[in-house]
Amino acid sequence: MEKLVIQGGKPLVGEVRISGAKNAALPLIAATLLAPGTHILHNVPDLRDTRTILKLLESLGITWRRQDTTLMIDSTHLTFSEASYDLVKTMRASVLVLGPLLARLGRAKVSLPGGCAIGARPINFHITGFEKLGVTCRLENGYVDAEIEGRMQGSTIYFDIPSVTGTENLLMAAVLAKGTTVIKNAAREPEIGNLIDMLTGMGAEIQGRETDRLEICGVERLSPADCTIIPDRIEAGTYLIAVGATGGEATIKGCNPAHLPSLLEKLRATGMEIKENADTIFVSADRRKGNGKLRSVDIKTMPYPGYPTDLQAQFMALMTLSSGVCVINETIFENRFMHVGELQRMGADIRTNGHTAVINGKGADGLCGAPVMATDLRASSSLVIAGLAASGRTEISRIYHLERGYEQMVDKLTRLGAEVWKEQE
């Protein structure tokens, strides 16, 4: 098993190009199950999670090949409808094959999902929605066993709380249902817009893109897709925060600033200089240019377009270096402060109470390198940020979490001037 080693204290300077979005690639790969033929997906990141879902598709009879960042997926010979625990246990997004399998084959047996240990994240929204469409669902021996005779029937589905994977799964099911399906209080994340664009290109009829009310008029068949994955807004946000934490200056290329409205507002509030163009963001926290100390800023995670929970841990690392006290409220997941103990090992002054964390910033020199352990994907990136800003050497173990969602992070950080490498534990 590998660990990440960082010799901190160097400002990040230069340019970094953002990869395709993991959280968009996974549902789009799953959506290729909806129509026989060869689908072409561009800008697909090569990550542990994308490799996992491709292995899952292979187990269902699908073949694929990769050329650079383009995937060619042939779903003509979809044969099997069961996704085993061994494939699903490491990644929650595996549950996204439920909708396409039901739509195409009328049956699906999928292990209850695993992934990061950041909270329960139940799939009851998915199951309730499928039942509204006429599907019979049983939970047996750790599996969701679902089937329907004939086509699903359109219905109205309401989410008590916006669910990203729930919205995506039911979208993929409803496009081949008979009649009209309405999803109310749907999630509005850009990754869902990417999926809608792909489905529409395949021949689906969907109204309400970028709203919380989606209306799907089911069609009898779809055609293979040719679609491009959007840039990863979480990766872009992580590098923006890392540049700020190290007092650096960089251009984030190949991103979409419109997908990060709340983060950019918060970073400006800290005193960082932010300039946006169509597909780039320039960020400067260079102390030599008089940008001064980082001001403390409160955040509260919310469904999009609010502040993203996937950037909460990274922002907390930044706030440990601020001058002042900030409060972070986590409203999405009940167990997403697992990075706090590791940041405290590096000298951070953080107190938690339920879903609230209070950070007493110690300024730019407030962190010291230490051995720490990653507990989930985004916690991993917060520890990387802390290690880059800290004085001395930081060793991060269990970096397989990090490799689920960040493509070539060591190479990208090295090109920005960081002193970072991998070693065997």
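The values are calculated or read from the model by the stated rules, or taken from the named source; none is laboratory data. All figures in this text were calculated on a predicted structure; none of them were measured in a lab. Reconstructed Cβ throughout: ideal geometry from the backbone, glycine too, with neighbour counts over all protein chains shown.
Candidates are the residues of region 144-186 that are of a type outside the set (A, V, I, L, M), without any contact (Cβ under 8 Å) to a residue 60 or more places away in the chain and surrounded by 24 or more Cβ atoms within 10 Å (Cβ to Cβ); the one that is farthest from Thr32 (Cα to Cα) is Thr181.
When Glu419 is tested against (1) modelled with pLDDT of 95 or more; (2) within 22 Å of the chain's Cα centre (by Cα); (3) acidic (Asp, Glu), only condition (2) is not met. Looking only at residues in region 126-169 that are within 19 Å of the chain's Cα centre (by Cα) and outside any loop (DSSP other than H, G, I, E, B), the one that is nearest to Gly99 (Cα to Cα) is Asn169. In this entry, Glu273 passes the filter for residues that are within 20 Å of Val13 (Cα to Cα), touching a residue at least 12 places away in the same chain (Cβ under 8 Å) and either surrounded by fewer than 19 Cβ atoms within 10 Å (Cβ to Cβ) or not assigned by TED's automatic domain parsing to the domain that holds Leu176 (or both).
The helices (runs of 4 or more DSSP H) located wholly in region 204-319 that include 1 or more residues which are of a type in the set (D, E, K, R) occupy 233-245, 261-269. Per this entry, Ala120 is counted among residues that are at pLDDT below 95 and assigned by TED's automatic domain parsing to the domain that holds Leu170.
Filtering region 338-358 to residues that are surrounded by 17 or more Cβ atoms within 10 Å (Cβ to Cβ) and either among the small types (Gly, Ala, Ser) or on the phi > 0 side of the Ramachandran plot (or both) leaves Gly347, Ala348, Ala357.
Filtering region 364-413 down to residues that are under 21 Å from Arg92 (Cα atoms) and without any contact (Cβ under 8 Å) to a residue 60 or more places away in the chain, which residue is surrounded by the most Cβ atoms within 10 Å (Cβ to Cβ)? Out of the qualifying residues, it is Ser380. The single condition among (1) at pLDDT 95 or above; (2) over 16 Å from Cys217 (Cα atoms) that Cys137 does not meet is (1).
Consider region 366-410 and keep the residues that are β-branched (Val, Ile, Thr) and touching a strand residue (DSSP E or B) at 6+ places or on another chain (Cβ under 8 Å). The one that is farthest from Gly341 (Cα to Cα) is Val410. All of Gly361, Gly417 fail the test of being in contact with a Leu (Cβ under 7 Å, 6 or more places away or on another chain), in contact (Cβ under 8 Å) with a residue 60 or more places away in the chain and crowded, with 17+ Cβ neighbours inside 10 Å, apart from Gly361. Would you confirm whether any residue within region 24-37 is in a loop (DSSP other than H, G, I, E, B), in contact (Cβ under 8 Å) with a residue 60 or more places away in the chain, under 30 Å from Glu249 (Cβ atoms) and under 15 Å from the mean Cα position of the chain (by Cα)? Checked region 24-37: no residue is in a loop (DSSP other than H, G, I, E, B), in contact (Cβ under 8 Å) with a residue 60 or more places away in the chain, under 30 Å from Glu249 (Cβ atoms) and under 15 Å from the mean Cα position of the chain (by Cα). In summary, Thr331 fulfils each of the numbered conditions (1) at pLDDT below 95; (2) surrounded by 18 or more Cβ atoms within 10 Å (Cβ to Cβ); (3) hydroxyl-bearing (Ser, Thr, Tyr) with the single exception of condition (2).
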